[in-house]
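S.K.: What follows is a structure written as structure tokens; I'll ask about it next.
The values are calculated or read from the model by the stated rules, or taken from the named source; none is laboratory data. Since the model is a prediction, treat every value here as computed from it, not as a measurement. Virtual Cβ from ideal backbone geometry, glycine too; neighbours counted across all protein chains shown.
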Ligand SMILES: [Fe+2]
Ligand SMILES: [Fe+2]
């Protein structure tokens, strides 16, 4: 792994995770007993690892922002009574719609949210 890119990734992830708008993800439940904040950090870490392994020269800030916002839908799917398929189909668009008032997203970041 390229140490400079890894250092850039860690700094970018840690900087973005300090955004107060992301604090709501710390109370939002995710599947398998996780919270959305930790799930999203895990997504960022795995996405970076795979991109490096496959030698994809991705834009690191976009990878981080896309990963951290891809599930910014801000509700408990189970408590809201959403079934698995309905939630799976609808939450990417809802996550993007709810993130956009708080963040200016570029086309890559919007695509990460919509296509996951
Ligand atoms: Fe998702
Ligand atoms: Fe997710």
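S.K.: Confirm whether residue 91 is crowded, with 17+ Cβ neighbours inside 10 Å, free of Cβ contacts under 8 Å to residues at least 12 places away in the same chain and within 14 Å of ligand 2 (Cβ to nearest atom). Let's see the steps before the verdict.
M.R.: Working: crowded, with 17+ Cβ neighbours inside 10 Å: yes; free of Cβ contacts under 8 Å to residues at least 12 places away in the same chain: no; within 14 Å of ligand 2 (Cβ to nearest atom): yes.
Criteria not met by residue 91.
S.K.: On to the next question. Is it fair to say residue 32 is surrounded by fewer than 17 Cβ atoms within 10 Å (Cβ to Cβ), out of contact with any helix residue (DSSP H, G or I) (no Cβ under 8 Å at 6 or more places or on another chain) and assigned to a helix (DSSP H, G or I)? Break it down into steps so the answer makes sense when it comes.
M.R.: Details: surrounded by fewer than 17 Cβ atoms within 10 Å (Cβ to Cβ): yes; out of contact with any helix residue (DSSP H, G or I) (no Cβ under 8 Å at 6 or more places or on another chain): yes; assigned to a helix (DSSP H, G or I): yes.
Taking the combined requirement at face value, the residue satisfies it.
S.K.: Does residue 94 satisfy the criteria of being in a helix (DSSP H, G or I) and within 11 Å of ligand 1 (Cβ to nearest atom)? Break it down stepwise before answering.
M.R.: Values: in a helix (DSSP H, G or I): yes; within 11 Å of ligand 1 (Cβ to nearest atom): yes.
Judged against the criteria, residue 94 is a match.
S.K.: Something else now. From the residues in segment 1-29 that are surrounded by 12 or more Cβ atoms within 10 Å (Cβ to Cβ) and not in a helix (DSSP H, G or I), which one is modelled with the highest pLDDT?
M.R.: 19
S.K.: Taking only segment 46-82 into account, find how many residues are closer than 23 Å to residue 98 by Cα, within 13 Å of ligand 2 (Cβ to nearest atom) and assigned to a helix (DSSP H, G or I).
M.R.: Residues in segment 46-82 being closer than 23 Å to residue 98 by Cα, within 13 Å of ligand 2 (Cβ to nearest atom) and assigned to a helix (DSSP H, G or I): 5 in total.
S.K.: Here's something else I'd like to know. Go through 45, 60 for me and flag whichever is touching a helix residue (DSSP H, G or I) at 6+ places or on another chain (Cβ under 6 Å) and more than 15 Å from ligand 1 (Cβ to nearest atom). Full working, then the answer.
M.R.: Values: 45 fails: touching a helix residue (DSSP H, G or I) at 6+ places or on another chain (Cβ under 6 Å).
Result of the check over 45, 60: 60.
S.K.: For segment 2-51, what are the residues that are in contact with a strand residue (DSSP E or B) (Cβ under 9 Å, 6 or more places away or on another chain) and in contact (Cβ under 8 Å) with a residue 24 or more places away in the chain? Full working, then the answer.
M.R.: Initially, segment 2-51 is screened for residues in contact with a strand residue (DSSP E or B) (Cβ under 9 Å, 6 or more places away or on another chain), giving 25-29, 35-36.
The answer is 25, 28, 29, 36.
S.K.: So which of 46, 73 is surrounded by fewer than 18 Cβ atoms within 10 Å (Cβ to Cβ) and at negative phi?
M.R.: On the way: 73 fails: surrounded by fewer than 18 Cβ atoms within 10 Å (Cβ to Cβ).
Only one candidate qualifies: 46.
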